[in-house]
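To start, the structure under review is shown below, and the notes come after it.
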Amino acid sequence: MTGAREAYESVARGGDDGPHLTVTGARPGAMTLATSRGPATVPAWLFTLEEYDTPLKRAAVAPSKLPRPPIGPQREVSTSQLAPLAGLVEVAGDGRSVTVTAEHGACDDGPAVHVLETGGGVVLSAFVTGVREGPCAGVMLLEEVTVRLAGRVGDRVLLDAFTGRPVPYGVPNGASPSRRGVSP
């Protein structure tokens, strides 16, 4: 479990940009996060903020080391068309669709995601569509893509074909899940 100071520093690392919040207290609590296997209740630090009625929630657990990938990285598509998944946004309540965040560039039509389902896993293969040739700004964009599944996610692991690893929850170094509306 992470300490209140470490959890606070992960929220406060933004520097001088954006609004400044005054933390007046911290207490242990819990929050719900979306995972590839459904919602999970985890320990959290609840920060009391000056001029806010509800606390800012920050998960008080650090992710464990990722397991060895059960598949290898995708190799069949040219690297100019690969689009790694930035993270899992949500699993639908019925478990039959997932929303992920995929990367793409400024000179394409956006990401798309193919799915391969097995009894033990759901492999998501993201790629970009409509890649245009010529000069282009080197800008990475993130876009949410919802993928419909043939069966419920259930106990199956969501895997990124680009890396061969489980799809991470959220966007690395992104906003706290409580700020994305995942937890009340």
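The values are calculated or read from the model by the stated rules, or taken from the named source; none is laboratory data. A quick note: this is a predicted structure, and the numbers were derived from the prediction, not measured. We place every Cβ from the backbone using ideal geometry, glycine too, and count neighbours over all the protein chains shown. Each accessible area value is taken on the protein alone, full model and side chains, heavy atoms only, with ligands, DNA and RNA left out. Shrake-Rupley method; radii C 1.70, N 1.55, O 1.52, S 1.80 Å.
One table, with the values for the structure above:
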read-out: Filtered residues of the stretch 83-115 (kept if over 14 Å from V153 (Cβ atoms), part of a strand (DSSP E or B) and open to solvent by 30 Å² or more (accessible area, probe 1.4 Å)); value: E103, H114
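Condition check ((1) open to solvent by less than 30 Å² (accessible area, probe 1.4 Å); (2) more than 24 Å from R96 (Cβ to Cβ)) across all residues:
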| residue | (1), (2) |
| --- | --- |
| E117 | no, no |
| S125 | yes, no |
| V131 | no, yes |
| G134 | no, yes |
| A150 | no, no |
